[in-house]
Amino acid sequence: MTTTLVETPREAADLVALLTTREPAEEAALFAAADAVRKEHVGDGVHLRALIEFSSYCRGSCKYCGLRAANRELQRYRMAPEDIVAAAVVARDLGYRTVVLQSGEDASYTGEMLAGVVREIKALCDVAVTMCVGERPEADYALWREAGADRYLLRIETSDPDLYATLHPGMSFDNRLRCLQTLRRLDYELGCGVLIGLPGQSDESRARDLLFLADLEPDMLGLGPFIPHPQTPIADALPADLTTTLRMTALARLLLPGAHIVATTALGTIDPAGRERGLSVGADVVMPNVTPQQFRALYEIYPGKICINETPDKCRGCIELRIRGLGRHVAGGKGGRPKDSFPQGVDRE
Ligand code: SAM
Ligand code: SF4
Ligand code: FES
């Protein structure tokens, strides 16, 4: 393998080669290159995003997800607006500068209700607010942006329209794309990503996912390993493997040197040191859970999720220790678009 291949893997064939190689030296070169690009472009700071999982109700049908509407065995919960705000205040008091409001697709929260939550959080806390509540009408996205929401996470899940159709009955790939375009037009900082290791996905399809994301140029990227949930139609599928997930993370860093890339909770679930491994091959963000403890186990996207029995302050301390163990530090500031946060493009705190 040539150095050029690792430095500029812009062709699908190069990406496939790096996803499939069985040469430990090639994998090591890929990981080292990604880590160097991460250090050069976004620095050693690790941004913390406090995750509030405020509702497990979902009208969605995604075949991989434990929250899908058809899963009648899941005990559902909804947090009241004032409790969501209270969770954000807990996050603020623990030193977080970003809160992520995540839920299933739960229409019982109207656009105006969530706008009120955003307004209240922005009034009480000096934090960036990231929304992650799925596909909604443009009017809702606009309302939340006006209320002060800064960012939006919406993964494309897979860039293959046929695979998308198989895994999302009743949903539309085109609508997902439209939502991403709308969010960008409304000037949200945009987060996107894919699920790695979905049944029916190949290395070729993963390579196309990377090229799709490179073309979209999101500000943030979440590349999560698929973990099968027993109460879904694809319960028997194999989970994603660690190596593929790490290679995807590294390649994403090479393709999008200035993006914020998450070492996901799912990565920490498939391997106890998964988040640290992700941070070592290109990632610069983690999303510790600040959901009140009584709800954590109920937000069961996939089984075995980490941090189910911990409290927000326990996770805050734990994650900082893990970051320091890597010789890195928790980044100051809200960690917005790198070019906005760090005029030189590098967090050198
Ligand atoms: N409902 C919103 C949406 O779908 O965009 C936000 C919440 S959803 C639970 C957040 C993410 O969870 C999805 O984008 C998906 O990639 C991930 N997810 C769902 N099921 C999963 C599974 N079985 N394994 C790993 N990640 C999963
Ligand atoms: Fe609902 Fe999101 Fe899960 Fe799909 S991934 S079932 S939209 S919570
Ligand atoms: Fe939750 Fe480690 S981050 S216990």
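The values are calculated or read from the model by the stated rules, or taken from the named source; none is laboratory data. Owing to the predicted nature of the structure, the values given are computational and were not obtained by experimental measurement. All Cβ positions, even for glycine, are placed from backbone atoms using ideal geometry, and neighbour counts span all protein chains on display.
Of all residues in the range 188-206, those satisfying the criterion of being outside any strand (DSSP E or B) and touching a residue at least 12 places away in the same chain (Cβ under 8 Å) are Tyr188, Gly197, Leu198, Pro199, Gly200, Gln201, Asp203, Glu204, Ser205, Arg206. Summed over the range 53-90, residues that are touching a helix residue (DSSP H, G or I) at 6+ places or on another chain (Cβ under 7 Å) and more than 16 Å from ligand 2 (Cβ to nearest atom) total 6. Across the range 16-41, the number of residues qualifying as closer than 11 Å to Val281 by Cα, surrounded by fewer than 17 Cβ atoms within 10 Å (Cβ to Cβ) and hydrophobic (A, V, I, L, M, F, W, C) comes to 3. Taken over the range 297-321, residues that are out of contact with any helix residue (DSSP H, G or I) (no Cβ under 6 Å at 6 or more places or on another chain) and buried (at least 19 other Cβ atoms within 10 Å of the Cβ) amount to 7. With the structure loaded, tell me whether Ala128 is within 23 Å of Cys315 (Cα to Cα), touching a Gly at 6+ places or on another chain (Cβ under 8 Å) and modelled with pLDDT of 95 or more or whether it fails that test. Yes; evaluated as a whole, the condition is true for this residue. Being closer than 26 Å to Pro137 by Cβ, surrounded by 21 or more Cβ atoms within 10 Å (Cβ to Cβ) and within 16 Å of ligand 3 (Cβ to nearest atom) is a description that does not apply to Val118.
In this structure, does Ala13 turn out to be modelled with pLDDT under 95, small (Gly, Ala, Ser) and either farther than 21 Å from Ala266 by Cβ or surrounded by 16 or more Cβ atoms within 10 Å (Cβ to Cβ) (or both)? Here the answer is yes, as Ala13 does meet what is asked. Residues in the range 104-116 that are under 11 Å from Pro81 (Cα atoms), part of a helix (DSSP H, G or I) and within 16 Å of ligand 1 (Cβ to nearest atom): Leu114 alone. Looking across Ser103, Ser108, one residue alone is more than 16 Å from ligand 3 (Cβ to nearest atom), polar (S, T, N, Q) and surrounded by 15 or more Cβ atoms within 10 Å (Cβ to Cβ). It is Ser103. Looking at the structure I just gave you, is Glu40 closer than 22 Å to Glu189 by Cβ, within 14 Å of ligand 2 (Cβ to nearest atom), modelled with pLDDT of 95 or more and not aromatic (Phe, Trp, Tyr)? No.
Restricting attention to the range 161-173, which residues are part of a helix (DSSP H, G or I) and under 18 Å from Val133 (Cα atoms)? Phe173, the sole residue that qualifies.
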